[in-house]
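The values are calculated or read from the model by the stated rules, or taken from the named source; none is laboratory data. Source: prediction; values computed, not measured. Here the Cβ positions follow ideal geometry from the backbone for every residue, glycine too, while neighbour counts run over all protein chains shown. Just the protein is used for accessible areas: all its heavy atoms, side chains included, with ligands, DNA and RNA removed. Shrake-Rupley method; radii C 1.70, N 1.55, O 1.52, S 1.80 Å.
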Amino acid sequence: MREKRKICVVTGSRAEYGLLYWTLKRLKQDDAIELQIIATGMHLSPEFGLTYKEIENDGFSISSKLEVLLSSDTPASITKSIGLTNIAFAQTFADLRPDVILVLGDRFEIFGAATAALVARIPIAHCHGGELTLGAIDDAFRHSITKMSHIHFAATPEYRRRIIQLGERPDSVHAVGALGIESIKNLKLIDQASLEEAIGFRLKKQNLLVTFHPVTQENETAEHQFGQLLSVLAGLTNTGLIFTMPNADTGGRIIKEMIRSFVDDRPNDSIAFDNLGQLRYLSVMKYVDGVIGNSSSGIIEAPSFKIGTINIGDRQSGRTRANSVIDCLPETHSIENAINKLFSPDFKNLLKKMENPYDLGNASEKICSILKSVELSNIQKKHFYDWSGENNI
């Protein structure tokens, strides 16, 4: 009898876990696979809601919990956290001895985990490689993880080509679609009345979901840029504002403080959440008129709801985007123009015909099938694929 293949999934944040949920569920149900889960990063932080409990409440067993975040958001503390991640994962991988690890995205915790797995000679499968976010240091982490990885699950054909441009063999790179789209299709979202009760907030005539992260490739711009956005939002009338807090990035704490101050001054029109959770977050997206800020969810998931996204600044520059995305500068006049366009009748009519370029079908089924069948022997001896621009890849 063939031994089960041990697949270890690493997750470091609430958003990342939400994207991985359906893949985790499918891996858990497969009799040929032994699922291991490592929770780290923000999952173990009281500041971010101890979201590892959500993983357990969903019926998953966590194989290891690794605390690596320091209680600070300075460049020095983030760098030290990467070092702690390397140390923690070195021993954990030695204990769990997975056959392959599955990681998603570009955060520094995932970079640390991938580095430890590479040294331990554990094959790495990577989701959402090949993407660009020119305003974030995550760009360098993502491409580094791609070069350390052996199996690639890209969100679009364009991203697949970019991974191949980085020298990865075409047969190791699979365009499966964005993982978050499955949740939109599979979850039974909350009806409006129940949602308003669940979040303690009554929706207004028009509503916006606001998520703004620091632009980590720029020095000390978070306070100024977010202040420009808040000054515009403060002037809106009959508009409900639902804020979600930023991740554990350099400069994130000042944004949190500004959100809390804004909501305290406008309790009837705004509310803020450290962690909405996947179901409530997607349900909110269903009922708002648009997403505003610089989060990837506005680029990847929002088009599936046929709502507009106001993407501010450079953080998401380089990503494939639908026509529902309105790009603007982090300046009051540019943000005002974008909001006017978002609420205009012409733009709302455009949204009715919207197609999401990240929707390629059932991503988790494709990922699970490949992970349990791919030949792992000698997979770590990678040869650089010298791509010459051919179209038949």
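Please report, in debye to the nearest 20, how large the charge dipole of the stretch 170-308 is about its Cα centre when each Lys and Arg carries +1 at its beta carbon and each Asp and Glu carries -1 there. Spell out each step's value before the answer.
Details: 12 positive and 16 negative charges, 98 e Å.
Dipole of the stretch 170-308, to the nearest 20 debye: 480 debye.
For every helix of n ≥ 4 consecutive DSSP H residues, a contribution of -39,500 (n - 2.57) applies; sum these over the chain, divide by its total residues, and give [θ] at 222 nm rounded to the nearest 500 deg cm²/dmol.
On the way: 15 runs with 161 residues, N = 393.
Theoretical 222 nm ellipticity from helices: -12500 deg cm²/dmol.
How would Asp139, Asp191 line up by accessible area, probe 1.4 Å, largest first? The partial results should precede the final answer.
On the way: Asp139 20, Asp191 80 Å².
The residues order as Asp191, Asp139, largest area first.
Under the definition of Cα pairs under 8 Å and six or more residues apart, what whole-number percent is the relative contact order of the stretch 13-172?
Relative contact order of the stretch 13-172: 15 percent.
Would you please give the residues with an amide H less than 5 Å from that of Gln36, counting only those at least 5 places away or on a separate chain, with H modeled from the backbone geometry?
Ile7, Cys8, Val9
About its Cα centre, how strong a charge dipole does the stretch 1-131 have in debye, to the nearest 20, once Lys and Arg get +1 and Asp and Glu get -1 at the Cβ?
Working: 14 positive and 16 negative charges, 69 e Å.
So the magnitude is around 320 debye.
Run through the stretch 314-393 and list the chymotrypsin sites (Phe, Trp or Tyr not before Pro) located in a DSSP loop whose Cβ has at most 12 other Cβ atoms within 10 Å.
Working: sites: Phe343, Phe347, Tyr358, Phe384, Tyr385, Trp387; in loops: Phe343, Tyr358, Phe384, Tyr385, Trp387.
Qualifying residues, ordered by number: Phe384.
Please state the relative contact order of the chain as a whole percent: Cα pairs under 8 Å, 6+ residues apart?
Values: 740 pairs, mean separation 64.5, N = 393.
Computed over the chain, the figure is 16 percent.
Sequence-distant or interchain residues sharing an amide H contact under 5 Å with His174, placed H: which?
His152, Phe153, Ala154
Which of the trypsin sites (Lys or Arg not before Pro) found in the stretch 319-387 are loop residues per DSSP with 14 or fewer other Cβ atoms within 10 Å of their Cβ? Show your work: numbers first, answer last.
Values: sites: Arg319, Arg321, Lys341, Lys348, Lys352, Lys353, Lys366, Lys372, Lys381, Lys382; in loops: Arg319, Arg321, Lys352, Lys353, Lys381, Lys382.
Within the stretch 319-387, the qualifying trypsin sites (Lys or Arg not before Pro) (loop, at most 14 other Cβ atoms within 10 Å) are Lys352, Lys353, Lys381.
Report, in debye and to the nearest 20, how large the dipole of the chain comes out about its Cα centre when Lys and Arg carry +1 and Asp and Glu carry -1 on their Cβ.
Working: 43 positive and 47 negative charges, 187 e Å.
Approximately 900 debye in magnitude.
How far is the Cα center of the stretch 1-70 from the Cα center of the stretch 314-337, in Å?
Their Cα centres are 33 Å away from one another.
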